[in-house]
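Since the structure comes first, as structure tokens, the remarks are kept for the end.
The values are calculated or read from the model by the stated rules, or taken from the named source; none is laboratory data. Since the model is a prediction, treat every value here as computed from it, not as a measurement. So basically every Cβ, Gly included, is an ideal-geometry build from the backbone, and we count neighbours across all protein chains shown. All accessible areas refer to the heavy atoms of the entire protein, side chains included, with ligands and DNA or RNA removed. Shrake-Rupley method; radii C 1.70, N 1.55, O 1.52, S 1.80 Å.
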Amino acid sequence: MDKFHTLTAAACPIDLNNLNTDQILPARYLKWTRAMGLGKVLFQDLRFDAQGRERADFPLNNPAWRHAKILVGARNFGCGSSREAAVYALYDHGIRCVIAPSFGDIFSGNAVQNGLLTAIVTDQEATAIMAALTRTPELSLIVDLKRQSILCDNRSYTFSIDPVRRMRLLNGWDDIALTESYRDRITAFRASVREQRPWVFPPL
Amino acid sequence: MSQPRTIIDKLWSAHEILRRDDGESLLWVDRHYVHEGSFHAFAKLAARGAKVAEPQLTFAVTDHYMPTRRPRGEIDNPELARMVRQLEENTAANGVKLFGPDDPRQGIVHVVGPEQGLTLPGLLIVCGDSHTSTHGALGAYAFGIGASEVAHVLMTQTIWQKKPKTMRVTIDGVTAPGVSAKDIVLAIIAHIGADGATGCALEFAGAAIRALSIEGRLTLCNMSIEAGARCGIVAPDAATFSYLEGRPYAPKGAELDRAMESWSKLNTDSDAPFERDVTLEAKNIAPIVTWGTSPEDALPIDASVPDPARESNAARAAHWRDALAYMGLTAGKRLSEIAIDRVFIGSCTNARIEDLRAAAAVLAGRSSKVPGLVSAGSSLVKQQAEQEGLDRVFREAGLQWGESGCSMCVGLNGDLVASGERCASTTNRNFRGRQGPGARTHLMSPAMVAAAAVTGYLTDVRDLLVDQKV
Ligand code: SF4
């Protein structure tokens, strides 16, 4: 997993509450492997109409934001289905950071597993950043994970993120290697489960 | 004396192998359910040359990609067949038990687990599916995870988690006739919002919850994710124990006695503090339908579509405008005047036997004004319904009686609601395009879907129950 330190990039505002993972990646692409190009179908039904024409009013189709690496969203971004492929689609499209007032729990867990930063700001701050971007679409944001800051149009915002997730992103940590280092404790715990709650292990 | 603890605290500490200084805990996983969507995770496993660590604690079903509108047998759609085959191969290679396409126990993962007695009180259960919260109905700590976490659980039978905040929703009193678990949970979501429980483990308590059957509690916990909750839990009680008795994988004899003794301690001590506590009165809950594109867009059936112009919160008003445009509705329209094109009775929310009985009670001797599909939550539920003659009621009403699977809940198997069509549905998500691109979904209880079928409009089922002999 890639480490995340700072990012200076164009940012695309998407002012939709409860933007769920079905919107980020429609269900029909869940069969796809990552190699098939999930980034191409990110937000497919919001970006394109039924004939496959771009919807001019969807922000990611704005020339200034086509290659944005940052999204700025509204309340409850990434709620809904647990599909991690929604994070693959964002990442493979080039998105490295999403800024929003709140995130779906499973989504932000999936994000950290893949090096995607989910930065939490207040409702007002998200609105202010989106307004600045709408005024000046070419604006670059500077996101600094160590300092938990976002610089936008000469204004600085502090974002919050779970400290453990922050450490993981900063270090690019892989869970499995970490867990393996506790192998003995896991084995001992398993034995205690067998002993105290034998019904956990059903007859085959 | 020790501190009073919530059921959430008790379940958490029973599974915590260790806690790191940074607050992250390594938890032991008692049950891991997998479905066709696990292929990303199995690929990660294969890439590391690893095998499933605890095949005995891992159970697989085919549900999301199962055809449900044609009889069982060879799957003719090559893409669906490939998804099913992948799971067959991955489970076989790892010695994992699969309830596959031809198994009489096949069904939706969140229906099969409880039905087989695999879901038990006090277990920590995970699955790469957000509606894993369902299993909390039996007093389990159950939550959905992503593909990387699925791979981690497959390899280690553990998962890293930070202890969530605790929240309790209490429903006091008695619900009115015709009001079901689905109405209760939609009322809760409408009240606290689609992110009202984000970051929380959510206990449901109160007399109205205790009065729910296990089926009703499964519906309730199923939708706790739609309020953003990590998991939903109902403390086990006598109803739980009698539901479990005799289920194939549940403990038996002396082991059952021992288990029950341990399960009976799974409750919230009086005075145990929750970080958030919300109380609703059961008597104020009416049959509810959704009108928009988030489960929080839910209102009693006698209400009207809300007016964004009268909403002072700008973001909410924008969401409402957007939802109305997508749903093809205008502000102020009475919900009971909304005509539907189709009905769907199915999904892990509302396709257990009790749900089918509730819908059949309304449809008996009547016909549906619109086409629709009924897909039982499991092949065993289907069989039971046929023994009770419910399939006849649905067929005679003009609805299709399908096979079991996720079906039109998400349409991965090709059973879609057409663009622009309006569907009264017993499912859990009314998201844009959830049942197919452009599809318009109204969520409600099975009885309410049946009522909508009978009149062709969203309808208060209570008006239809008056003269119905059940
Ligand atoms: S029935 Fe619907 S919500 Fe339930 S597991 Fe299947 S797709 Fe998900």
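A few points about this structure:
- For the range B:325-330, putting each phi into the Karplus relation 6.51 cos²θ - 1.76 cosθ + 1.60 with θ = phi - 60° gives couplings of 4, 5, 7, x, 10, 10 Hz, in residue order, rounded to whole numbers and with x for Gly and Pro.
- Förster-model FRET efficiency, 35 Å R0, B:Ala303 and B:Lys165, C-beta, rounded to 0.05: 0.65
- Residue by residue, the range B:221-235 carries 3J(HN,Hα) couplings of 5, 3, 8, 5, 5, 6, 9, x, 5, 5, 7, x, 9, 10, 4 Hz when phi is fed to the Karplus relation 6.51 cos²θ - 1.76 cosθ + 1.60 (θ = phi - 60°); x denotes Gly or Pro.
- Hull volume in cubic angstrom per residue (convex hull over the Cα atoms of the range A:6-172): 103
- Along principal axes, Cα extents of the range B:168-252, largest first, whole Å: 41, 31, 17
- Extent of the range A:75-204 along its three principal axes (Cα atoms, max minus min coordinate, largest first): 64, 28, 27 Å.
- Candidate lysines for bridging to A:Lys40, where Cα separation is under 30 Å - those fewer than 8 sequence places away on the same chain excluded: A:Lys3, A:Lys31, A:Lys69, B:Lys44
- In the protein assembly as shown, Rg over Rh equals 0.94, where Rg is the alpha-carbon radius of gyration and Rh the Kirkwood radius from pairwise Cα distances.
- Based on alpha-carbon atoms, the Kirkwood radius and the radius of gyration of the range B:143-195 give Rg/Rh equal to 1.18.
- Its alpha carbons give the range B:409-465 an Rg and a Dmax of 11.7, 35 Å.
- Inter-part distance, the range A:108-170 to the range B:329-401, computed on C-alpha centroids, equals 46 Å.
- Among the residues of A:12-24, the average count of other protein chain beta-carbon atoms within 10 Å of the residue beta-carbon is 5.
- Secondary-structure-derived ellipticity at 222 nm for chain B, considering helices only, amounts to -9000 deg cm²/dmol, per-run term -39500 (n - 2.57) for DSSP H runs with n ≥ 4.
- Length added when fully stretched, A:Asp49-A:Ala131, from 0.36 nm per residue minus Cα-Cα: 26.9 nm
- 3J(HN,Hα) from dihedral phi, the range A:65-72, Karplus parametrisation 6.51/-1.76/1.60, rounded to Hz, x for glycine, proline: 10, 3, 10, 4, 9, 10, 10, 10
- Alpha-carbon Rg with Dmax, taken over chain B, Å: 21.5, 64
- On a per residue basis, the convex hull of the C-alpha atoms belonging to the range B:7-276 measures out at 149 Å³.
- Database remark: amide H of A:Ile99 closer than 5 angstrom to the amide H of A:Leu71, A:Val72, A:Gly73, A:Ala119 (H placed geometrically; neighbours at sequence offset of 5 or more, or on other chains; Pro and chain starts carry no H).
- Label positions at B:Ala211 and B:Glu311, each projected 7 Å from the Cα along the C-beta direction, are separated by 3.2 nm.
- Paramagnetic label reach from A:Asp153 (point 7 Å along Cα→Cβ; backbone nitrogen cut-off under 12 Å): within the range A:122-136, residues A:126-136.
- Each part reduced to its alpha carbon centroid, the range B:272-314 and the range A:1-53 end up 30 Å apart.
- Scanning residues 5 or more positions from B:Ala142 or on other chains, those with amide H under 5 Å from its amide H are B:Ile125, B:Gly136, B:Gly232, with H placed 1.01 Å from N in the peptide plane.
- Loop-located chymotrypsin sites (Phe, Trp or Tyr not before Pro) in the range A:81-177, at most 16 other Cβ atoms within 10 Å (DSSP): A:Trp173
- Here the calculated FRET efficiency for B:Asp103 and B:Asn77, from their Cβ-Cβ distance with R0 = 22 Å, stands at 0.65, rounded to the nearest 0.05.
- GNM on chain A, alpha-carbon springs under 10 angstrom: the most fluctuating residue among A:Asp49, A:Asp184, A:Asp22 is A:Asp184.
- Listed by chain and number, the aspartates and glutamates whose alpha-carbon sits under 17 Å from that of B:Lys283, ignoring those within fewer than 8 places in the same chain, are B:Asp172, B:Asp183, B:Asp302, B:Asp460.
- Plainly put, the range A:1-79 has a radius of gyration that is 0.97 times its Kirkwood radius, both from alpha-carbon atoms, as the Rg/Rh ratio.
- Relative counts (whole %) of C-alpha pair distances in the range B:288-463, using bins that are 10 Å wide: 11, 41, 33, 12, 3, 0
- Here r is the Cβ-Cβ distance between A:Thr6 and B:Gln383 and R0 is 51 Å; the resulting FRET efficiency, rounded to 0.05, is 0.30.
- Remark: mean inter-chain Cβ contacts per residue of A:103-113 equal 6, using a 10 Å Cβ-Cβ cutoff to other protein chain atoms.
- Computed on protein heavy atoms with a 1.4 Å probe, the accessible areas place A:His5, B:His110, A:His67 in the order A:His67, A:His5, B:His110, largest first.
- Solvent-accessible area per residue for the range A:1-138 (1.4 angstrom probe, square angstrom): 36
- Between A:Gln148, A:Gln51, A:Gln124, the Gaussian network model of chain A with springs among Cα atoms under 10 angstrom shows the greatest mean-square fluctuation at A:Gln51.
- Farthest positive-ward along the protein assembly as shown dipole, Cα basis, beta-carbon charges - from B:Val84, A:Pro203, B:Gln56: B:Val84
- Of all lysines in the structure, those lying under 23 Å Cα to Cα from B:Lys369, and not within fewer than 8 positions of it along the same chain, are B:Lys333, B:Lys469.
- Interchain or long-range residues, amide H under 5 Å from B:Val289's placed H: B:Leu299, B:Ile301
- Normalising by residue count, the range B:109-175 has a Cα convex hull of 120 Å³ per residue.
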